[in-house]
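See structure below.
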Amino acid sequence: MSIEAAIHTLHWHDNNLPIYSLDIQRTSNPVKGTRSVRVATGGGDNNVRIWRVNYTETKVESVEYLSSLTKHTQAVNCVRFNPSGDMLASASDDGTIMIWCLSDKIIKEFGNEDDDVKESWYLESSCRSSTLSEIYDISWSPDSKYICCGSMDNITRIFSVATGAMIKQIAEHNHYVQGVTWDPRNEYICSQSADRSVHIYKIVSEKGADLVLSPTTFYKIIRAELPSKSLTTENLKENTESSNMDPPLQTPRHKRTHSNSSTSSSHSIAVSATRSSSPLPAVMPASPNPVYKSLQLYHNETLQSFFRRLTFSPDGMLLFSSSGVFRTDALDENINTVYIHTRFGLNRPPVAHLPGFKKPAIAIKFSPVLYKLLENEKSVFKLDYRMVFAVATQDSVVIYDTQRLKALAIVTNIHYSVITDLSWSPDGQILMVSSADGFVSSVNITRSLVGEVETYSVSDYLSKHKLTNSAANTSQQSSIIELLNTDATPAPESIGKPGDSVQVIDITTSRPEHDTTPEPAPKRAKI
């Protein structure tokens, strides 16, 4: 079997309170077979917990408690190791980001009677704003010098990790900022808000001041001219009937009140994975006479989710945004989706989307590994490698690759409550999933599913393959692309169903100078 899921029934946090985030520690020099031993979780009990993960050759065998970081006074919404893995950041409803480092000795705190602690972490620095508003999401800069966060007061902030000082705040959203991501090439910062928009900021370092950043608004993604008749009623009906997703067992609530009366993990886990010997169609050919409409791209503030965790791909060439909605003339209701922008199309409409999820997508995470292209199969994106990523909806996880944009595997019914976060192991073979039911599950992904590895170190690969900005002879795809398969959870036999050929999108070249660019929305005054 090429994929296997398991729930780890530990007391991850006190009283089985929700786990709002988790992250697997990075390694500075990843090589074949590297798997981090530490996982951090943040929970509703106000604590950050550090765990040791023990592996067999194919899966997570056991999880062992190492330490608790207890200085937060309210729920911890996000935990993130820095790119090199030697620091951990935690963000909380108490309005602070705490930066932690591993101590070389066990530190016993006064009044703490935790006899099971096996290692200690000390507080290196603390970042806080004057409003102390709840922080929903954080993201490190590639050099680990800065960290950005999205807050409930509608503001995106950037802090210095060394000093904890706030060096920039951007007040251009009209609602909670529920997701942030820092470009791995260190040129953009993106934020996603409950105001139905994604904001993209260009990073401009001020002359003569290496430690000062001046993000400027590059583009605001709110609406787009999208084709409204590219899906037929027959296509939608066929794919809907093929779905086998189980409904969630608990309805998410926007307020932090969760029922955890059921903590057993005896419920079944639905997993499906397929591979096709024939070329896999990724997108539907463009209609000769498409009808375009100006549509909102994202769910409004009534979406029952704390998080809209968007992400850049590890090479920085793609931006994936969560909580997307798409409407066609064939349906009277919105389709849940994930929107995809290319690096050189960040100020333009999305080039593709992944439609048909039963529940809204709340988080997207890429495997940190680059994979070799599959032979004799066309690529949706004109890249020299493939990337694998996972989309977490409120009740399922779907795994894709960028060569075909087809579902490689679907994991459903793994948790009793909503999924909150995802994290990949450095070797790309373990995906861990957290949930508001207070448990963590792991998904083992074998090489037979994702294919042969190109490199384990994306940064080294990118340093040897410089990004080119020269215009190519082939024009860049500008309209949105519809997938043939409109259901995120099709029956296994329908995944990779042969059909029309793939349209290739060249994302390695910039937009020609004569192309017109939509004007960005008016900016709000900065606080």
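Values in this text are rule-based calculations from the coordinates and carry no lab data. Keep in mind that what you see is a predicted model, and the values were worked out from it rather than measured. Backbone-built Cβ (ideal geometry, glycine too); neighbour counts: all protein chains shown.
Pairwise alpha-carbon distances in the range 1-99 exceed 22 Å for 32% of all pairs. Based on the Kirkwood approach, the hydrodynamic radius assigned to the range 320-423 is 14.7 Å, with every pair of different Cα atoms included. When you restrict to C-alpha pairs under 8 Å that are six or more residues apart and normalise by the size of the range 89-153, the relative contact order lands at 35 percent.
For the listed residue pairs LYS71/LYS406; LYS293/LYS378; LYS59/LYS372, the alpha carbons are over 32 angstrom apart in LYS71/LYS406.
Ranked by the mean number of other Cβ atoms within 10 Å of their residues, highest first, the peptides 339-352, 414-427 come out as 414-427, 339-352.
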